[in-house]
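The values are calculated or read from the model by the stated rules, or taken from the named source; none is laboratory data. Note that the structure is a prediction, hence the values are computed from the model and not measured. All Cβ positions, glycine included, derive from the backbone under ideal geometry; neighbour counts span all protein chains shown.
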Amino acid sequence: MRRHQSVRFGRMSPSLLLLGLHLLTGVSGQPVYDEDWVNVFQQGFNFQCPHRELLVAVRSYFSAAEGSDRLWTFECQPPPHDLGEPTECWWDDINRAGMEWFSVCSKNGMVAGVQSQYFSSVMDREWQFYCCRYGHRCPYSCWRTTDVPWYYGEEGDMTVPVYGYFIRGAQTTFSGVLRDRQWKYIVCRMTNFDCEFQNF
């Protein structure tokens, strides 16, 4: 698992500290050039976790001067071994640029990748999640993080969650004149026993 260096944390509620889940997004200021960004400003990207791993953390860097766009990088971890191999993986619905949206992986899937294209006409990106499911296993204990970023000018709004929580989707709204998105990530555990199909 890749570890990030020189991370500073913004304001965090006690409940987030107790649960140990903090998703990490940098805003404004100087970018971390040794970060393994998956894109350059205003260009598309396609990121997929290694086989059998799921998305657990996100880091980004915002620039108003670069079309109100962000650099992105992601971190993955394998789920518990008793889940076995993923039984199905697919690209889920596209979330269009210029629109607020809420999206979770369908069919009890969890996020194992992300692809995105930038559209200069709306200074925004479309998003699509690569989802994987594990037999009859179901997500549970799902919840939304607080808004990311917390406020402009601070770094370190997202950190790696505790082992066993994985990203299932996101909810986004627009914030401020910079036309940057506020993100709430949907995170879940996975059952280690067969369960009936259920939706979040």
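Here are the numbers for the structure shown:
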read-out	value
Among the residues listed as Leu71, Leu55, the single one being out of contact with any Leu (no Cβ under 8 Å at 6 or more places or on another chain), touching a residue at least 24 places away in the same chain (Cβ under 8 Å) and under 17 Å from Tyr165 (Cβ atoms)	Leu55
Test: residue in the range 89-98 that is in a loop (DSSP other than H, G, I, E, B), out of contact with any helix residue (DSSP H, G or I) (no Cβ under 6 Å at 6 or more places or on another chain) and either modelled with pLDDT under 90 or within 28 Å of Gly135 (Cα to Cα) (or both)	no
Hits in the range 95-125 - residues which are among the aliphatic types (A, V, I, L, M) and closer than 30 Å to Arg137 by Cβ	Val104, Met110, Val111, Ala112, Val114
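Yes or no, residue by residue, for (1) in contact with a Cys (Cβ under 9 Å, 6 or more places away or on another chain); (2) crowded, with 18+ Cβ neighbours inside 10 Å:
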| site | (1), (2) |
| --- | --- |
| Ser63 | no, yes |
| Phe74 | yes, yes |
| Glu85 | no, no |
| Gly98 | no, no |
| Ser116 | no, yes |
